[in-house]
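To start, the structure itself, in structure tokens.
The values are calculated or read from the model by the stated rules, or taken from the named source; none is laboratory data. Everything numeric in this text was worked out from a predicted model, so none of it was measured. Heads up, the Cβs are rebuilt from the backbone with ideal geometry, glycines too, and the neighbour counts pull from every protein chain shown. To get the accessible areas, we keep the full protein, side chains included, count just its heavy atoms, and leave off ligands, DNA and RNA. Shrake-Rupley method; radii C 1.70, N 1.55, O 1.52, S 1.80 Å.
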Amino acid sequence: MKINTQDLLKAGVHFGHIARKWNPNMRPFIFMKKGGIHIIDLSKTIFKLEQACDGLKKIAITGKKILLVGTKAQAKEKVFFYAKSINMPCVTERWLGGLLTNFTTIRKSVKKMNNIEKMKKNGTFNTLSKKERLLVNRLYEKLHKNLGSISNMNHIPGGIFLVDPNKEKIALTEAKKLKIPIFAMVDTNTNPNEIQYPIPSNDDSSKSIDIILKFVAESIQDGILISRNEREEKTNKKS
């Protein structure tokens with residue numbers, strides 16, 4: 001799908017924040033000020049979005065996972081929907097401190113959650129006492145709420161996509177520490193210099209979030225398909 005100005009306009013991608021709340025580093029991406037609100041230059045958005053999509057596609061080709069993060073109300077559903085559609089991990093609830101920097105501990109909790117799922121499937125769960133079942137269920141619900149959406153992430157991700165880096169400060173800090181490529185929607189109140197792949201866009205409107213994620217998910221999916229085809233070709237050559 002081709003990115004065009006008209007679709008971005010319809011989705012309100014160009015609406016920034018109140019001018020007095022701006023981050024001066026966003027100056028190159030601001031087109032004008034209208035009614036006290038900064039308007040984002042959509043030609044810059046398209047250029048940066050294409051760069052980001054290209055970067056995401058390259059990571060997906062290597063077979064690595066890309067973690068999508070959006071915990072604000074407007075982003076949750078969209079992030080979850082698109083992550084699911086391309087089988088990528090996501091965080092839409094609270095970001096757990098150490099999710100990346102203390103990944104081995106997080107993986108242990110995910111294993112615990114997966115083991116409870118196995119117990120439920122193979123009938124072991126039913127052999128427990130009523131009290132034990134209650135405790136195990138409680139633990140499972142807690143683990144699933146925080147970690148269910150990253151259960152398929154067995155390694156540190158190859159990239160991270162943030163809907164609002166201001167809201168996802170801890171995720172941003174952890175990714176920077178581990179030198180994980182960062183892709184993000186940056187509104188006019190954000191510092192784009194902290195992000196390798198900033199996409200100047202309205203990060204408060206669900207329509208705007210939806211259209212950006214649509215392109216992001218499509219690029220990742222393309223990368224996954226290329227990776228799959230390459231693997232199949234290798235297998236066919238061997239046989």
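Given [x] 20.2, 62; [y] 20.1, 67; [z] 18.3, 60 as candidate values of Rg and Dmax of the Cα atoms in Å, which corresponds to the one derived from the coordinates? Answer by label: [y]. Net charge in the neighbourhood of residue 220 (other residues with Cβ under 12 Å of its Cβ; Lys, Arg +1, Asp, Glu -1) is +2. By the helix-only formula, in which each DSSP H run with n ≥ 4 contributes -39500 (n - 2.57) and the sum is divided by residues, the chain has a 222 nm mean residue ellipticity of -16500 deg cm²/dmol. Given +1 at the Cβ of Lys and Arg, -1 at the Cβ of Asp and Glu and no other charges, the dipole of the chain around its Cα centre is 960 debye to the nearest 20. When the charge dipole of the chain is built from unit charges on Cβ atoms (+1 for Lys and Arg, -1 for Asp and Glu) and taken about the Cα centre, the candidate among 125, 6, 139 whose Cα reaches farthest toward its positive end is 125.
For the chain, the relative contact order comes to 31 percent (Cα pairs under 8 Å, sequence separation of at least 6). Computed extension length for residue 50-residue 237: 63.9 nm, one decimal, from 0.36 nm per residue of separation with the Cα-Cα distance subtracted. For segment 201-218, backbone phi angles converted through the Karplus equation (6.51, -1.76, 1.60; θ = phi - 60°) give residue-by-residue couplings of 6, 6, 9, 10, 9, 5, 5, 5, 4, 4, 5, 5, 5, 4, 5, 4, 4, 4 Hz, Gly and Pro being listed as x. Distance from the alpha carbon centroid of segment 214-239 to that of segment 53-112 works out to 20 angstrom. Residues whose amide H lies under 5 Å from that of residue 37, counting only those 5 or more places away or on a different chain, are 19; hydrogens are built 1.01 Å from N in the peptide plane. Working from Cα pairs under 8 Å separated by at least six residues, relative contact order for segment 97-194 is 30 percent.
Of 17, 155, 38, 144, the order by accessible heavy-atom surface (1.4 Å probe, DNA, RNA and ligands excluded), from most exposed downward, is 155, 144, 17, 38. Net charge of the neighbourhood of residue 124, taken over other residues with C-beta under 12 Å away and scored Lys/Arg +1, Asp/Glu -1, is +2.
The percentage of C-alpha pairs in segment 27-168 whose separation is greater than 17 Å is 69%.
A viscosity of 0.890 mPa s and a temperature of 25 °C, combined with the Kirkwood radius over Cα pairs in Stokes-Einstein, give a translational diffusion coefficient for segment 66-143 of 170 µm²/s. How much of residue 44 can a 1.4 Å solvent probe reach, expressed as accessible area in Å² and rounded to 10? Ignoring ligands and nucleic acids, residue 44 comes out at about 80 Å². Rounded to whole numbers, the Karplus 3J(HN,Hα) couplings from phi for segment 102-110 are 10, 4, 4, 5, 4, 4, 4, 5, 5 Hz, using 6.51 cos²θ - 1.76 cosθ + 1.60 with θ = phi - 60°, and x at Gly and Pro.
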